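Below is one structure; the comments refer to it alone.
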Amino acid sequence: MGEGNRQTLRMIQNHIPLEIKEYPSGSQVYDWTIPQEWTIRDAWIKNSNGEKIVDFQKCNVHLVSYSAPVQGTFTFEELSPHLHFREDLAEAIPYRTSYYKRNWGFCLSYNDFKKYFHSGEKYEVFIDSEFTNGSLSIGEILLKGESDEEYLISTYICHPSLANDNLSGPVLTTFLIKELMSMKLKFSYRIIFIPETIGAIAYCSFNESIMKKIKSGMVITTVGGPGKFGYKKTFQDEHVLNAIVENVFQEKGVEDFITYPFDIHGSDERQYSSPGFRINTVTISKDRYYEYDYYHTSLDNLDFVNAEYISQTLELYLSLVTKIDKNIVYKSNYPHCEVMLSKHDLYPEIGGGILPQNSQWNELDIILWLLFYCDGTHDLFTISRLLSIPLEIIFQVALKLEEKKLIDRAKV
Ligand code: ZN
C-alpha cells in the first residue's frame, strides 16, 4: 500500500478508463485489518570504508518490503539475521516481504554476501521508511454487456520490479480489456487490479453482495515466461471453465501444457473460492509462480519475460473470454412437445451455409437439438460438446432461435 501502487494504477489509466478506489487504513475486512501505507525514500548498508555495498536506489528488491525505519551501526552477527540471499542462485537478489510483522531486512545476491560481509566487521545501516494512515488503492473497471450477469477478472500489482510475477499479469489484463472494450459483449466483466491477498480480501469485503453474484472468473498472473503454458483448475474439478480452457488450448494448437489441480495455495483464488463466495476461478499461466527458478528473485526481469510471450498468453485469454461470452444458458419458451418450425419460418428453407460442406450436421438438426437441450440447465458450451459441434456454430443458431423468441436467456 502506498504511492507506488497509485502510480501503477495511474499508468494503467493511460491505456484504459480504470477507476481508482480507496479503502482506508484501519478498516476491518473480515478477519483482517487494512494496514498503514508504507513510504520508502532510501535504504542502504555501508561497510567500514563508507562504501555503499547494498543500495535500494540501484534495485528496490534489495529491501524487504514494509521494512521499518533503521539507523545505526551493527556487527556482522547482529546484521546477519536481517540479510536474505539464495545460495542455490548465487547471482539473484531474492524478493522478501514482512507485511504483518514489523521487521526490517535487506536482500542481496549470495555473491555479494560472500564478497562484502565478514565476521568481525561493522556495518552502517540506514532505512528511511515511514508508516502512515492512508488507504489501500485498487483499480476497477466494469465492462457492461447485454446481461448484468458478471464474470470476475482479477490481477495483482504489488511486487516491485519483478517481471513475470508480477508485471506480466497487469500488462496482459490491460491489453485484454482494450480488446474487450471493442467487442459487443453478452455478459458483463468486473476487472480489478489489486495488491495480492489484502487487496482481494478488502475488495470482497467492500463489495460483498456483488461478489456473491459473480458467475465465475479468472486470476491473471505469471503469463510471460519462456516456459510452458499451464492452467490451474477451478475448485470444482468438473466446472465448465476447465473444459473451456482445454478447448482453447486445443484450438490454438497448444498440446504440451501443464494442468495444475486446484490447491489452497496460490493467488487470490484463495479468497474468491472461500466458502462465503465459492467463485470458480481459473488461471492460464506461462511459467507459473512457484515453478520457475527465477521466481521471486531479481532475475525475474525483462531478460526473462518479453512482449511476445505475454502476447501469446493474451491470445489464449482472449479466446477464453470470447468463448465464455458465448456460453449462454437458454430455456425454451415452448417446452411442451415439439415446436412447429414452419410457423416460425424455420422449416424447411434453412440453408446449411454456416456448416462445413461434409459435416453430418445441418442447421435443422442443430435447431432441433437446441430446442431439446434448452431447459435452463445446459449451457451452450456443454451442448456443443454433447453434439461435437464448435461452440461458435451452436451460438449462431441459438441467436437465431432467440430472435424468433423460441428460447430466452435463463438466469443461473
Ligand atoms: Zn508472487
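Structural remarks
- Taking amide H atoms as placed 1.01 Å from N in the peptide plane, the amide H of THR297 lies under 5 Å from those of TYR95, each 5 or more residues away in sequence or on another chain.
- Beta bridges per DSSP with both ends in the chain, % antiparallel, nearest 5: 70 percent
- The charge dipole of the chain, taken about its Cα centre with unit charges on the Cβ atoms of Lys, Arg (+1), Asp and Glu (-1) only, comes to about 700 debye.
- The chain - Rg and Dmax from Cα coordinates, angstrom: 25.9, 95
- Overall form of region 36-130 per C-alpha gyration tensor (a/c, 1.5; a/b vs b/c): oblate
- Residue-level accessible surface for ARG102, protein heavy atoms, 1.4 Å, Å²: 150 Å²
- Cross-linked pairs LYS323/LYS400; LYS326/LYS411; LYS252/LYS323; LYS178/LYS400; LYS21/LYS326: Cα-Cα separations exceed 22 Å for LYS178/LYS400; LYS21/LYS326.
- Here's how it looks for VAL54: its modeled amide H is under 5 Å from those of ILE45, which are all 5 or more places away or on a different chain.
- When each of the peptides 79-88, 172-181 is scored by how many other beta carbons lie within 10 Å of its residues on average, the order from highest to lowest is 172-181, 79-88.
- Of the peptides 158-166, 123-131, 106-114, the order by per-residue mean of other Cβ atoms within 10 Å, starting with the highest, comes out as 158-166, 106-114, 123-131.
- The helix-based estimate of mean residue ellipticity at 222 nm for the chain, built from -39,500 (n - 2.57) per DSSP H run of four or more residues and divided by its residue count, is -8500 deg cm²/dmol to the nearest 500.
- Over region 184-337, all Cα pairs binned in 5 Å intervals from 0 give whole-percent P(r) values of 2, 8, 17, 19, 20, 16, 10, 5, 2, 1, 1, 0, 0, 0, listed from short to long.
- Pairwise Cα distances in region 151-217 exceed 19 Å in 40 percent of cases.
- By average C-beta atoms within 10 angstrom, highest first, the peptides 245-255, 23-33, 397-407: 397-407, 245-255, 23-33
- Region 160-270: C-alpha gyration tensor shape, a/c 1.5 cut-off, then a/b vs b/c: rounded
- Near the amide H of ILE153, within less than 5 Å, lie the amide hydrogens of ARG190, ILE191, ILE192, MET218, all on another chain or at least 5 residues away, with H placed in the peptide plane.
The values are calculated or read from the model by the stated rules, or taken from the named source; none is laboratory data. What you see is a predicted model, and the numbers here were worked out from it, not measured in a lab. So basically every Cβ, Gly included, is an ideal-geometry build from the backbone, and we count neighbours across all protein chains shown. Surface accessibility is based on the protein's heavy atoms, side chains included, excluding ligands, DNA and RNA. Shrake-Rupley method; radii C 1.70, N 1.55, O 1.52, S 1.80 Å.
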